[in-house]
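To start, the structure itself, in structure tokens.
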Amino acid sequence: MKPDGLHHVSLNVRDVPAALDFYTRGVGLTERADRPAFNFGGAWLDAGAQQIHLIEADTPPALGQHFALAVTDLDAVVAELRSQGIDVTDPVGVGTGRQSFLADPAGNRVELQEPGR
């Protein structure tokens, strides 16, 4: 088997409206309208060609799990998020790229990854 790529990542969140606001207004993702009427709360979001699925459930303890969003200008993204009151770590170099981290309202870690130049 050789997958074509990553389709989506699912995240447990206790408060779907708060997480939805964070990911749409704060991070700039777009909510999808095609989520089926499951028997649990949640939302589907577009993150470029991939998706993030929010699932209304308890968040498991953090054990290093995270997902990364690719960004072109990390400094500008960090400044924009901070202007909205979102706590973001200072950018640090990793290999040829740079990264920063933030957490959603449920405590899920999100990496912002600027590829090497």
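General observations
- In the range 34-54, the residues that are open to solvent by 50 Å² or more (accessible area, probe 1.4 Å) and aliphatic (A, V, I, L, M): Ala37, Ala49
- Matching residues, the range 62-80, being part of a helix (DSSP H, G or I) and either aromatic (Phe, Trp, Tyr) or closer than 23 Å to Ser10 by Cβ (or both): none
- When the range 83-117 is limited to residues that are assigned to a loop (DSSP other than H, G, I, E, B) and of a type in the set (D, E, K, R), the one that is farthest from Pro17 (Cα to Cα) turns out to be Arg117.
- Any hit, the range 5-23, residues being part of a loop (DSSP other than H, G, I, E, B) and more than 17 Å from the chain's Cα centre (by Cα): yes
- Contact map, the range 42-61: residues that are assigned to a loop (DSSP other than H, G, I, E, B) paired with residues that are not small (Gly, Ala, Ser), Cβ distance under 6 Å, separation 6+ or inter-chain. Pairs shown: Ala57/Asn12; Thr59/Asn12.
- The residue pairs whose first member lies in the range 65-85 and is closer than 17 Å to Leu29 by Cα, whose second member is of a type in the set (Phe, Trp, Tyr) and surrounded by 14 or more Cβ atoms within 10 Å (Cβ to Cβ), and whose beta carbons are closer than 9 Å, counting only pairs six or more residues apart or on different chains, are His66/Phe101.
The values are calculated or read from the model by the stated rules, or taken from the named source; none is laboratory data. The shown structure was predicted, so the numbers you read here are calculated from the model rather than taken from an experiment. Here the Cβ is made from the backbone with ideal geometry for all residues, glycine too, and neighbour counts use every protein chain on show. Please note that ligands, DNA and RNA were not included when accessible areas were found on the heavy atoms of the full protein model with its side chains. Shrake-Rupley method; radii C 1.70, N 1.55, O 1.52, S 1.80 Å.
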